[in-house]
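Just so it is clear, none of the values below were taken in a lab; they were calculated from the coordinates. Given the structure is predicted, the values throughout are model-derived calculations rather than measurements. Don't worry about glycine lacking a Cβ; one is built from the backbone with ideal geometry, like all the others, and counts go over all protein chains shown.
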Amino acid sequence: MDILKAVMERRSIRDFQKREIPEEIVVKLTDALIWAPSAGNLQARKFYFVKDEKLKKKIAAAALNQYFIAEAPLVIIGCTDSSRISYRYGERGIYLYSIQDVAASIMGMMLVAHEHGLGSTWVGAFYEDEVFKILTMPPNLRPIAIIPVGYPSKIPYPPPRLSKEEVVEFC
């Protein structure tokens, strides 16, 4: 697949078909997450793959009642792991590098999902403490993103983008 084409064609999907994701594709999504770059190769991240209907509904409620999340066959929760990064990078590692690590993982996973005909969206609006409790996470983890994944029911038109001149500064 042409990577730039995939980047330009991928859309945020919030309407999913009632169709399960084959396990071989779930494995590829997992591979995309773990093979992403990370600060110092410390891999200070963890991902929860949620398929349980009750848990998905609780997560959707914790995400400011964004119930489309619960309609996806798979919901991935991306978390930072302070125990894997703090000893080397301190607070900057905890509050920046590990978040960047999770973000890089998720973007790669979203492109792999797109390659296989899946849709996804990045959800950042949620109550961290509630998601933390719902998934009974250990204290070293911090949920920073919810990614519903599934086959899209419809694909929205591309949103407008700022011009290259507005976004890129050559020095």
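From the list A60, A104, the one residue that fits, being of a type in the set (A, V, I, L, M, F, W, C), assigned to a helix (DSSP H, G or I) and free of Cβ contacts under 8 Å to residues at least 60 places away in the same chain, is A60. Only residues that are touching a residue at least 60 places away in the same chain (Cβ under 8 Å) and either touching a Pro at 6+ places or on another chain (Cβ under 7 Å) or not in a strand (DSSP E or B) (or both) were counted in the range 150-171, giving 7.
Determine, yes or no, whether I85 is touching a helix residue (DSSP H, G or I) at 6+ places or on another chain (Cβ under 7 Å) and surrounded by 22 or more Cβ atoms within 10 Å (Cβ to Cβ).
Judged against the criteria, I85 is a match.
For the range 63-99, which positions are among the hydroxyl-bearing types (S, T, Y), without any contact (Cβ under 8 Å) to a residue 12 or more places away in the chain and closer than 17 Å to R142 by Cβ? Listed by number, the residues that qualify are S86, Y87, Y95. When the range 120-157 is filtered for residues that are polar (S, T, N, Q) and surrounded by fewer than 16 Cβ atoms within 10 Å (Cβ to Cβ), the ones remaining, listed by number, are T136, S153.
Taken over the range 21-42, the criterion of being in a helix (DSSP H, G or I), of a type in the set (G, A, S) and within 25 Å of S86 (Cβ to Cβ) is satisfied by A39, G40. Looking only at residues of the range 43-57 that are in contact (Cβ under 8 Å) with a residue 40 or more places away in the chain and either outside any loop (DSSP other than H, G, I, E, B) or of a type in the set (A, V, I, L, M, F, W, C) (or both), we find that the one that is nearest to G119 (Cα to Cα) is V50. Going through (1) within 26 Å of D2 (Cα to Cα); (2) surrounded by 16 or more Cβ atoms within 10 Å (Cβ to Cβ); (3) not acidic (D, E) one by one, G117 falls short only on (2). Residues in the range 8-20 that are among the basic types (K, R) and either touching a helix residue (DSSP H, G or I) at 6+ places or on another chain (Cβ under 7 Å) or part of a strand (DSSP E or B) (or both): R10, R14. Restricting attention to the range 120-147, the residues that are under 25 Å from V7 (Cβ atoms), in contact with a helix residue (DSSP H, G or I) (Cβ under 9 Å, 6 or more places away or on another chain) and not aliphatic (A, V, I, L, M) total 3. Evaluate the range 123-132: report whether one residue or more is over 14 Å from the mean Cα position of the chain (by Cα), among the acidic types (D, E) and within 12 Å of I146 (Cβ to Cβ). The answer is yes, given that some residue of the range 123-132 is over 14 Å from the mean Cα position of the chain (by Cα), among the acidic types (D, E) and within 12 Å of I146 (Cβ to Cβ).
I need the full set of residues from the range 107-131 which are part of a helix (DSSP H, G or I) and closer than 28 Å to N41 by Cβ, in order please.
To start, the set of residues in the range 107-131 that are part of a helix (DSSP H, G or I) comprises 107-115, 128-131.
Hits for the range 107-131 are M107, G108, M109, M110, L111, V112, A113, H114, E115, E128, V131.
Within the set I99, I147, I94, the sole residue that is of a type in the set (A, V, I, L, M) and not in a helix (DSSP H, G or I) turns out to be I147. Within the range 153-171, the residues that satisfy the criterion of being among the β-branched types (V, I, T) and farther than 19 Å from G119 by Cβ are V167, V168.
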